[in-house]
């Protein structure tokens, strides 16, 4: 019987569910959209029941499309978004909306946790140092993380908070829905900042940090080592999918972690960039370090010896989706990208700053916003589309400068994955903007699905991390020394000063409507 893996990648736009064989081949992928609620008060929520329903539908469709023998299911693996909060009861059923990673209603409560009379960017040194020393980071002053979410639930949504047995990360919520078992890992709990992440420390919550975060220990899921098997499928879930019950479900890992494996950049300092709904630049490194001013830290990784560099652009590929769905409606992504190809490199000096939802790295500022700059009567639809794509690439360079300083070394080349990496044009823009060769593996949109499927086999002792990395086959390389290199170098010289130039204006404007 041919064995296969069921993999789930819970993105911000909805889950992707895939069937993969044990040789890193995608047999079927089903994408299921979900809705999101965004409010002027900082609300950003989704329905975790909708997540689950769509995952079951997607799983059944993927199994049917792949023509696999249901009895051959080898393991279930979960990856996806992190820094969101799902309040659930003792059986894992949601008792309220998901507070997403972008929900910043908790900002007003963060001064009592991380701020003080003498602060820089919302951090009081005497309060933040204990967090950084143990965890590598700390709760964000914007409140857009599980600490801020917990404060909102305690102060504003108390009935939901009181009904909740656990406050779970999304991947841990899915693990509980699959198995009925509550569990988390140092990897899934990164943005709660309540585990001692120093190398060699035991896997446990830090009681002092839990108190500082105003978290209730009884609502924290039991902590397991990263790479653990959480349990096996619940009978009702197995019956719904038509598969056996004795199938192991691996503790979920964030998409940051599955991206490392899926990109193939598994050796220390090997770098990948992901252009998904959000965007980031990451690598495995042999040290624990924090650059709190640029929101970059090395966090618990795939093993105890090599943390992962973590950072995040609030808006990556979703900038193009926003333009397509709200400005230039009714056409396919293929048509949209074809129009961008027709525009000149540099879009005649038109620059777009992709801060549609504020920014997190290299500046943590939820009040900065996107802008088109230097528009003229000649500016047309193709130029606007191309400028949005170029803005995402230039924003990556803005972060890349701080990232290389964090590493303490130059990065000779970069792997690129995510939905945005399907576009040759976007990959070439990143090569120009970063001034580095950019390598693209096969199936870049589904790299995290392939990565987490390999992770399941690593956890079951069937595959090494190095062997998993070698499964990523490079199909294309984009070089930085082409005919448009000078244009992007000049654009970046202007782009890197725009945050400082625009910050006060955007803050004043957002104060008017808040």
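Comparison of 326, 312 shows that the only residue that is under 30 Å from residue 145 (Cβ atoms) and touching a residue at least 40 places away in the same chain (Cβ under 8 Å) is 312. Checked against the criterion of being under 18 Å from the mean Cα position of the chain (by Cα) and in the same structural domain as residue 494 (by TED's automatic domain parsing), the candidates 365, 380, 401 yield just one match: 365.
For residues in the stretch 66-104 being in a helix (DSSP H, G or I) and touching a strand residue (DSSP E or B) at 6+ places or on another chain (Cβ under 6 Å), which is surrounded by the fewest Cβ atoms within 10 Å (Cβ to Cβ)? Among them, the one singled out is 72. Please enumerate the residues belonging to the stretch 329-345 that are within 23 Å of residue 417 (Cα to Cα) and touching a residue at least 24 places away in the same chain (Cβ under 8 Å). Scanning the stretch 329-345 gives 336, 337, 339, 340, 341, 345. Reported count of residues in the stretch 149-173, each being over 14 Å from residue 214 (Cα atoms) and touching a residue at least 40 places away in the same chain (Cβ under 8 Å), is 13. For residue 107, the test of being more than 22 Å from residue 244 (Cα to Cα), modelled with pLDDT of 95 or more and out of contact with any strand residue (DSSP E or B) (no Cβ under 7 Å at 6 or more places or on another chain) is failed. If you check 331, 348 for being crowded, with 16+ Cβ neighbours inside 10 Å, out of contact with any strand residue (DSSP E or B) (no Cβ under 9 Å at 6 or more places or on another chain) and assigned by TED's automatic domain parsing to the domain that holds residue 396, only one passes: 348.
One residue stands out among those in the stretch 271-295 that are surrounded by fewer than 23 Cβ atoms within 10 Å (Cβ to Cβ) and either assigned by TED's automatic domain parsing to the domain that holds residue 362 or under 20 Å from residue 227 (Cβ atoms) (or both): the one that is farthest from the chain's Cα centre (by Cα), which is 286. For the stretch 32-65, filtering for residues that are surrounded by fewer than 19 Cβ atoms within 10 Å (Cβ to Cβ) and part of a helix (DSSP H, G or I) leaves 9. Taking the criterion of being assigned to a helix (DSSP H, G or I) and either farther than 29 Å from residue 89 by Cβ or in contact with a strand residue (DSSP E or B) (Cβ under 6 Å, 6 or more places away or on another chain) (or both), the residues of the stretch 126-146 that qualify are 126, 127, 128, 129, 130, 131, 132, 133, 134, 146.
Listed by position, the strands (runs of 3 or more DSSP E) contained in the stretch 362-450 that have at least 2 residues being crowded, with 17+ Cβ neighbours inside 10 Å and at pLDDT 95 or above are 414-417, 438-441.
Filter the stretch 314-328 down to the residues that are touching a strand residue (DSSP E or B) at 6+ places or on another chain (Cβ under 8 Å) and part of a helix (DSSP H, G or I), then identify the one that is farthest from residue 379 (Cα to Cα). So, considering only residues that are touching a strand residue (DSSP E or B) at 6+ places or on another chain (Cβ under 8 Å) and part of a helix (DSSP H, G or I), the one farthest from residue 379 (Cα to Cα) is 318. Residue count for the stretch 349-367 satisfying the condition of being farther than 17 Å from residue 396 by Cβ and touching a helix residue (DSSP H, G or I) at 6+ places or on another chain (Cβ under 6 Å): 2. When 245, 232 are checked against the criterion of being without any contact (Cβ under 8 Å) to a residue 60 or more places away in the chain, within 18 Å of residue 455 (Cβ to Cβ) and over 24 Å from the mean Cα position of the chain (by Cα), a single residue qualifies: 232. Quick one: is residue 425 outside the structural domain of residue 227 (by TED's automatic domain parsing) and touching a strand residue (DSSP E or B) at 6+ places or on another chain (Cβ under 6 Å)? Spelling it out, it is not the case that residue 425 is outside the structural domain of residue 227 (by TED's automatic domain parsing) and touching a strand residue (DSSP E or B) at 6+ places or on another chain (Cβ under 6 Å).
The values are calculated or read from the model by the stated rules, or taken from the named source; none is laboratory data. Every value quoted in this text rests on a predicted model; they were computed, and no experiment measured them. FYI the Cβ positions are ideal-geometry reconstructions off the backbone, even for glycines, and counts take in every protein chain you see.
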